Amino acid sequence: MSEQNWAGNYTYRAADWRRPTSVDELQAAVGAADRIGVIGSRHSFNGLGDADTVIDLTALPHMDAPCRGIRRVAVAAHMTYAEVAAWPAWSALANLASLPHISVAGAVATGTHGSGSRTATFPRRCAAYALVRADGALVGVAADDLAKRGRHGSARRGRRASRWRRTGL
């Protein structure tokens, strides 16, 4: 069976599919591959997430515990906005993506503004990210540091994968 995007109009060419169930498995898969693609909700109309090895993030754990007393929530990159909205701490979000099947990472990578054009884009609302580097190391990055380097919310392709943790929405 061939794997396709959400609309069924793109068929992935990858021969090697990985579906890690933990961050440790994600780190091992990323560190072992020469070139990877990363997918979540598969809301793409092209081969951006395609490569010889594709890592499907949908089996990773969904959320960490909410940050009590402050309006922040930690969310796994592959979660869809429908899944986020079903969680009790969703009120930490000022708005939601206009399509419920879009993943949080997809919205961040593309600069989605969500259900209100007068609200900040999703990348602007992130306080920090947890990223898996090409060598498999897990690192935390403050969004302010990325913005200073001009990399806030930009999509990356190739030998990189990320499990972005959105905080401070």
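The values are calculated or read from the model by the stated rules, or taken from the named source; none is laboratory data. Everything quoted here is computed from the prediction, not taken from an experiment. Note: ideal-geometry Cβ built from the backbone for every residue, glycine included; neighbour counts use all protein chains shown. Side chains included, ligands, DNA and RNA excluded: accessible areas come from the protein's heavy atoms. Shrake-Rupley method; radii C 1.70, N 1.55, O 1.52, S 1.80 Å.
Looking at this structure, is residue 121 at pLDDT 65 or above, open to solvent by 30 Å² or more (accessible area, probe 1.4 Å) and not in a loop (DSSP other than H, G, I, E, B)?
On the way: at pLDDT 65 or above: yes; open to solvent by 30 Å² or more (accessible area, probe 1.4 Å): yes; not in a loop (DSSP other than H, G, I, E, B): no.
Judged against the criteria, residue 121 is not a match.
In the stretch 4-49, what residues are hydroxyl-bearing (Ser, Thr, Tyr) and at pLDDT below 90?
We begin by selecting, within the stretch 4-49, every residue hydroxyl-bearing (Ser, Thr, Tyr); these are 10-12, 21-22, 41, 44.
Hits for the stretch 4-49 are 41, 44.
Quick one: in the stretch 26-50, which of the residues that are of a type in the set (Gly, Ala, Ser) and more than 17 Å from residue 9 (Cα to Cα) is surrounded by the fewest Cβ atoms within 10 Å (Cβ to Cβ)?
From the stretch 26-50, those of a type in the set (Gly, Ala, Ser) are 28-29, 31-33, 37, 40-41, 44, 47, 49; that's our starting set.
Right, trim to more than 17 Å from residue 9 (Cα to Cα) and you get 28-29, 31-33, 37.
On the way: 28: 15, 29: 19, 31: 14, 32: 11, 33: 20, 37: 23.
Of everything passing the filter in the stretch 26-50, 32 is surrounded by the fewest Cβ atoms within 10 Å (Cβ to Cβ).
Checking the structure you have, find out if any residue of the stretch 83-102 is at pLDDT 70 or above, of a type in the set (Asp, Glu) and outside any helix (DSSP H, G or I).
The answer is no, given that none of the residues of the stretch 83-102 is at pLDDT 70 or above, of a type in the set (Asp, Glu) and outside any helix (DSSP H, G or I).
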